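The values are calculated or read from the model by the stated rules, or taken from the named source; none is laboratory data. As the structure is a computational prediction, the values presented were derived from the model and not from experiment. As a convention, Cβ positions derive from the backbone with ideal geometry for all residues, glycine included, and neighbour counts pool all protein chains shown.
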Amino acid sequence: MEFDFATAQTVTGFTLAQVVAEMQKPLPAAAYKPVPGATDLTDIDPAYLTETATKVFGPIGLGWWYDFRPGDLAISAEARTAKSGREYTVFTASLHKLSVQYRLLDAAGQTLVSEPITATGGNDNEVESYAVRGALTNAIGAAFAKLTWQLPVYKGQLSHRNAATFGENGNGTGSKKTTVKAPPASPAAADQPATAIPVEATAAPVGDLGQFVITLGKHAGKKFAEVSSDAIKWYAESMNATSPAAEELKTAARAYLAQISAAGVLA
């Protein structure tokens with residue numbers, strides 16, 4: 001007997017159409033915050049994704065789950081020196097492939113497990129375990145984005161600037177388009193004391209980062225989509241971020257690499 005998609009529901013009783021609607025539903029205004037040092041960029045608190053996924057699909061491990069191979073997780077360490085002379089180490093975790101799956105039931109009681117939804121993720125932090133947890137959170141968010149998680153943010157209609165009033169005036173249409181990306185998990189200012197940022201404070205990169213405008217170096221004034229992937233890799237992996245602008249560029253480059261890699265267009 002073939003699985004009946006017309007009667008398909010998640011283990012918590014959501015139809016496929018209801019899943020799509022719930023994934024796109026605006027969150028409380030407190031879920032959207034500006035990226036420190038880049039107020040035109042917006043974070044989505046990932047705790048809300050856990051809450052929504054549990055509501056829509058059921059508890060993790062039953063209604064939905066994620067998996068990755070240990071070999072797809074790479075961790076590197078970089079020694080840095082702040083302007084004040086303080087020396088510290090930043091750990092970078094890069095997850096090259098993570099998959100998310102969910103379970104459906106039809107009216108006849110048949111069970112269907114979805115095909116894997118794959119994504120990449122990355123994060124850095126002075127605490128290695130937080131860098132790894134941040135990379136996992138980043139990749140999970142990217143996978144759920146393919147299920148239309150927070151689609152109005154991806155489309156530039158919803159941001160921290162209009163979250164409190166979104167939906168009152170044409171669902172935010174006509175508002176300034178805002179690119180969204182993950183914040184840097186390393187210290188916001190190099191001469192400040194180290195602050196460990198747990199996974200709950202790490203958002204997934206969303207938005208069209210190909211439109212991010214480079215402000216430094218020979219490519220200044222160009223968008224990410226207008227330069228080579230080698231240039232993006234240099235910004236993400238080799239550039240020494242010695243200023244807030246450079247840190248913002250480095251973080252955006254890493255998020256953009258994750259986006260184009262997930263889309264299968266990275267050369």
Total residues in segment 17-42, condition free of Cβ contacts under 8 Å to residues at least 12 places away in the same chain and within 17 Å of L112 (Cα to Cα):
1
With the condition kept exactly as written, say whether any residue in segment 156-165 is part of a helix (DSSP H, G or I), over 30 Å from E87 (Cα atoms) and out of contact with any Cys (no Cβ under 6 Å at 6 or more places or on another chain).
no
For F14, only one of the following conditions fails: (1) among the aromatic types (F, W, Y); (2) over 16 Å from the mean Cα position of the chain (by Cα); (3) modelled with pLDDT under 95. What is its number?
(3)
Given the conditions (1) out of contact with any Pro (no Cβ under 7 Å at 6 or more places or on another chain); (2) under 13 Å from T42 (Cα atoms); (3) modelled with pLDDT under 80, and given that P183 satisfies all but one, which numbered condition is not satisfied?
(1)
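Residue-wise test of (1) at pLDDT 95 or above; (2) surrounded by fewer than 14 Cβ atoms within 10 Å (Cβ to Cβ); (3) more than 16 Å from W149 (Cβ to Cβ); (4) under 22 Å from the mean Cα position of the chain (by Cα).
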site: E2; (1), (2), (3), (4): no, yes, yes, no
site: Q9; (1), (2), (3), (4): yes, no, yes, no
site: E22; (1), (2), (3), (4): yes, no, no, yes
site: D40; (1), (2), (3), (4): no, no, yes, yes
site: A53; (1), (2), (3), (4): yes, no, no, yes
site: Y66; (1), (2), (3), (4): yes, no, no, yes
site: K97; (1), (2), (3), (4): yes, no, yes, yes
site: L104; (1), (2), (3), (4): yes, no, yes, no
Here are T89, T120: which of them is exposed (fewer than 14 other Cβ atoms within 10 Å of the Cβ) and either touching a residue at least 40 places away in the same chain (Cβ under 8 Å) or assigned to a strand (DSSP E or B) (or both)?
T89
